[in-house]
Amino acid sequence: GEADPGELLKDRFLCRGGTLLLVGRTGLGKSSLALQLAVSWAVGLPCFGFRPAGRLRSLVIQSENDMRDLAEMRSGIFEGLQLTDADRQAAGESVHVASIDDSVGFDFVLRRLTPLVDRVKPDLLWLDPLLAFLGGDVSDQRTVSDFLRVHLAPVIHRAGLGFIPVHHTPKPPREDNSSWTATDFA
């Protein structure tokens with residue numbers, strides 16, 4: 001069939017304007033996974049079965065890892081993937097990482113995110129972790145909806161981005177869970 005110009009990950013797994021949510025508990029390596037996916041896709045390589053439709057530019061906005069953590073992740077990914085010097089350079093030019101911890105909610109979208117998207121012109125936007133940028137109570141439906149639908153979605157759609165938020169599952173309560181079912185743990 002004819003190629004879909006909006007396809008970012010093959011077989012329409014992720015298209016422009018769509019979302020791919022990475023979810024897991026703290027300490028599983030979600031940030032490392034996100035960076036490895038971004039680097040692989042920047043040089044057009046499949047990663048863990050996900051196949052990019054071409055070389056993809058990423059804007060990774062994160063708030064939990066310091067510069068040394070990020071450098072160690074990058075070095076490990078470059079070595080583990082056995083990237084050539086040319087691919088390392090291409091990945092460095094196509095994966096933009098911004099550490100932002102001074103802005104949340106609408107202020108984050110307006111003052112920080114929008115100018116970065118306009119400057120970098122990425123195919124993919126990663127927020128790691130998503131809730132660090134929310135600026136309110138995650139259990140308040142209005143706060144979450146306003147952030148995602150009213151403030152963030154217009155930027156994603158205007159720029160034609162694939163959106164990949166990284167999300168922590170909540171920690172389980174410190175109560176006796178011996179009688180819980182699989183559904184309770186989920």
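The values are calculated or read from the model by the stated rules, or taken from the named source; none is laboratory data. Here the structure is a predicted model, which means the values were calculated and not measured. We place every Cβ from the backbone using ideal geometry, glycine too, and count neighbours over all the protein chains shown. Surface accessibility is based on the protein's heavy atoms, side chains included, excluding ligands, DNA and RNA. Shrake-Rupley method; radii C 1.70, N 1.55, O 1.52, S 1.80 Å.
Working note: 222 nm ellipticity from helices only, DSSP H runs with n ≥ 4, each -39,500 (n - 2.57), summed and divided by the residues of the chain, gives -9000 deg cm²/dmol to the nearest 500. From most to least packed by mean Cβ count within 10 Å, the peptides 57-64, 80-87 give 57-64, 80-87.
Largest first, the three principal axis extents of the alpha carbons in the chain are 53, 42, 36 Å in whole numbers. Largest GNM mean-square fluctuation among ARG68, ARG25, ARG111, using the chain with Cα springs under 10 Å: ARG68. Centre-to-centre, using Cα atoms only, segment 81-114 and segment 131-157 are separated by 20 Å. Helices of the chain meeting both criteria, an alpha-carbon length of 15 angstrom or more along the long axis and an average Kyte-Doolittle score not below 0.0, with helices taken as full DSSP H segments, are 30-42.
So in the chain, what percent of DSSP beta bridges are antiparallel if you round to the nearest 5?
Numbers: 4 of 22 bridges.
Looking only at bridges with both residues in the chain, the antiparallel portion is about 20 percent.
Compute the FRET efficiency between ASP118 and VAL150 as 1/(1 + (r/R0)^6), taking r as their Cβ-Cβ distance and R0 = 22 Å, and round to the nearest 0.05. Calculated value: 0.70.
Each peptide among 34-45, 154-165, 131-142 gets the average number of other Cβ atoms lying within 10 Å of its residues, and from highest to lowest they stand as 34-45, 154-165, 131-142.
Taking the Cβ-Cβ separation of ASP176 and ASP140 as r and a Förster radius of 35 Å, what is the calculated FRET efficiency to the nearest 0.05?
Values: r = 29 Å, r/R0 = 0.83.
In this case the efficiency is close to 0.75.
Between GLU93 and ASP4, the simple spin-label model (points 7 angstrom out along Cα→Cβ) gives 2.9 nm. What does the C-alpha gyration tensor say about the overall shape of segment 122-161? Classify as rounded when a/c is under 1.5, otherwise prolate if a/b is larger than b/c, or oblate. The shape class here is oblate. Counting protein heavy atoms only, segment 1-102 has 49 percent of its accessible area on carbon and sulfur, 1.4 angstrom probe. Counting 0.36 nm for each residue step from ASP11 to ASP107 and taking away their Cα separation leaves a gain of 31.0 nm.
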